[in-house]
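Asks: After the structure tokens below, expect a handful of questions from me.
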Amino acid sequence: LAPRFQLDLFRLRLLTENMRSDEDYEELASLAGQAGFADEGRRVIEEGFKAGVLGQGAKADRHQRLKAFMDKKVADAKSGYAAAEKAARESKQGDGLVMLGLQQAFSGQAKAGVAMIQDGIRVGQLKREGDAQLALGQALFLAGDTAKALTAFRAAKGEDGVADVAKLWANYARTAKK
């Protein structure tokens with residue numbers, strides 16, 4: 001399994017309520033932030049605080065610093081979003097639109113994210129078509145369209161684990177409580 005799928009697996013752990021420790025929340029937030037998903041990283045930190053896992057004990061100060069860091073990353077991302085979208089729309093490759101669409105989906109704007117990912121897939125010239133289908137499936141699932149999400153997950157093909165990760169997401173989507 002390619003290392004780039006760590007974030008997707010941690011997302012499933014969060015959705016399935018399998019985050020066990022402060023390190024799990026810290027790792028997911030860090031992975032999300034490093035991958036450009038600042039809103040998601042901040043949300044993970046907030047969920048950790050709400051669950052009483054973060055902000056406690058000897059690491060409380062560290063958790064507060066991580067929260068402040070994620071708040072700054074969110075502000076930076078928001079200030080650069082228009083330029084990033086403009087560049088992605090002008091590109092002859094769809095990868096930028098797929099990434100921005102997935103960012104939107106995981107920041108609570110799933111329907112707008114779906115549309116942007118679909119725009120990226122239409123542009124084409126993708127580095128990894130399977131990853132784009134996985135992203136589309138995730139966004140569709142977050143938007144509440146499980147049937148279309150399952151179709152996208154089935155379309156995620158590749159030799160590096162993308163199909164396996166898509167199957168895990170599909171299994172979760174089929175059984176998730178709405």
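The values are calculated or read from the model by the stated rules, or taken from the named source; none is laboratory data. The model shown is predicted, which means the values in this text are computed figures rather than measured ones. Cβ atoms come from the backbone with ideal geometry, glycine included; neighbour counts cover every protein chain shown. Ligands, DNA and RNA are stripped out before the accessible areas are found, and what is left, the full protein with its side chains, is counted by its heavy atoms. Shrake-Rupley method; radii C 1.70, N 1.55, O 1.52, S 1.80 Å.
Asks: Can you list the helices (runs of 4 or more DSSP H) found entirely within the stretch 122-178 that contain at least 2 residues being over 19 Å from ALA110 (Cβ atoms)?
Replies: Values: elements: 129-142, 146-155, 162-175.
In the stretch 122-178, the matching helices (runs of 4 or more DSSP H) lie at 129-142, 162-175.
Asks: Follow-up. Please go through the stretch 4-56 and pick out each residue that is over 13 Å from the mean Cα position of the chain (by Cα) and either open to solvent by less than 30 Å² (accessible area, probe 1.4 Å) or of a type in the set (A, V, I, L, M) (or both).
Replies: So the first thing to find is which residues in the stretch 4-56 are over 13 Å from the mean Cα position of the chain (by Cα), and the list is 16-27, 45-56.
Within the stretch 4-56, MET19, ASP22, ASP24, TYR25, GLU26, ILE45, GLY48, ALA51, VAL53, LEU54, GLY55 qualify.
Asks: Please count how many residues of the stretch 142-173 are of a type outside the set (Val, Ile, Thr), open to solvent by 20 Å² or more (accessible area, probe 1.4 Å) and within 25 Å of PRO3 (Cα to Cα). Quick ask: steps written out before the conclusion?
Replies: Residues of the stretch 142-173 that are of a type outside the set (Val, Ile, Thr), as a first pass: 142-145, 147-150, 152-161, 163-164, 166-173.
Within this subset, residues satisfying the condition of being open to solvent by 20 Å² or more (accessible area, probe 1.4 Å) are 142-145, 147-148, 150, 154-155, 157-160, 163-164, 167-168, 171-172.
Filter again for within 25 Å of PRO3 (Cα to Cα), leaving 142, 150, 154-155, 157-160, 163-164, 167-168, 171-172.
Number of matching residues: 14.
Asks: Return the pair list, or none, for Cβ contacts closer than 8 Å from residues in the stretch 72-99 that are more than 24 Å from ARG42 (Cα to Cα) and outside any loop (DSSP other than H, G, I, E, B) to residues that are open to solvent by 90 Å² or more (accessible area, probe 1.4 Å) and of a type in the set (Val, Ile, Thr), at least 6 apart or on different chains.
Replies: The qualifying pairs do not exist here.
Asks: Pairs under 6 Å by beta carbon, first residue closer than 18 Å to ASP61 by Cβ in the stretch 36-48, partner crowded, with 21+ Cβ neighbours inside 10 Å and of a type in the set (Gly, Ala, Ser), six or more apart or different chains?
Replies: If the second residue must be crowded, with 21+ Cβ neighbours inside 10 Å and of a type in the set (Gly, Ala, Ser), the pairs left are ILE45/ALA29.
Asks: Cβ contacts < 6 Å: first residue closer than 17 Å to GLN138 by Cβ and in contact (Cβ under 8 Å) with a residue 60 or more places away in the chain, restricted to the stretch 3-30; second residue open to solvent by less than 40 Å² (accessible area, probe 1.4 Å) and not aliphatic (A, V, I, L, M), any location; separation 6+ or different chain. Result?
Replies: PHE5/GLY161
Asks: Within the set of pairs 6+ apart or on separate chains, which have a first residue in the stretch 161-177 that is in contact (Cβ under 8 Å) with a residue 24 or more places away in the chain, a second that is open to solvent by 10 Å² or more (accessible area, probe 1.4 Å) and in a loop (DSSP other than H, G, I, E, B), and C-beta atoms under 6 Å apart?
Replies: GLY161/LEU1; GLY161/ALA2; ALA163/LYS157
Asks: Give the residues of the stretch 67-79 that are surrounded by 11 or more Cβ atoms within 10 Å (Cβ to Cβ) and over 17 Å from ALA29 (Cα atoms), sorted by residue number.
Replies: Of everything in the stretch 67-79, just one residue is surrounded by 11 or more Cβ atoms within 10 Å (Cβ to Cβ) and over 17 Å from ALA29 (Cα atoms), namely LYS78.
Asks: If only one of GLY80, GLY101, GLY124 is of a type outside the set (Ser, Thr, Tyr) and closer than 25 Å to LEU168 by Cα, which one is it? Quick ask: steps written out before the conclusion?
Replies: Working: GLY80 fails: closer than 25 Å to LEU168 by Cα; GLY124 fails: closer than 25 Å to LEU168 by Cα.
So the residue among GLY80, GLY101, GLY124 that is of a type outside the set (Ser, Thr, Tyr) and closer than 25 Å to LEU168 by Cα is GLY101.
Asks: Could you check how many residues of the stretch 100-121 are open to solvent by 20 Å² or more (accessible area, probe 1.4 Å), outside any loop (DSSP other than H, G, I, E, B) and either free of Cβ contacts under 8 Å to residues at least 40 places away in the same chain or touching a strand residue (DSSP E or B) at 6+ places or on another chain (Cβ under 7 Å) (or both)?
Replies: Looking only at that region, the number is 7.
Asks: Would you tally the residues in the stretch 148-168 being out of contact with any Leu (no Cβ under 7 Å at 6 or more places or on another chain) and more than 8 Å from GLY137 (Cα to Cα)?
Replies: 8
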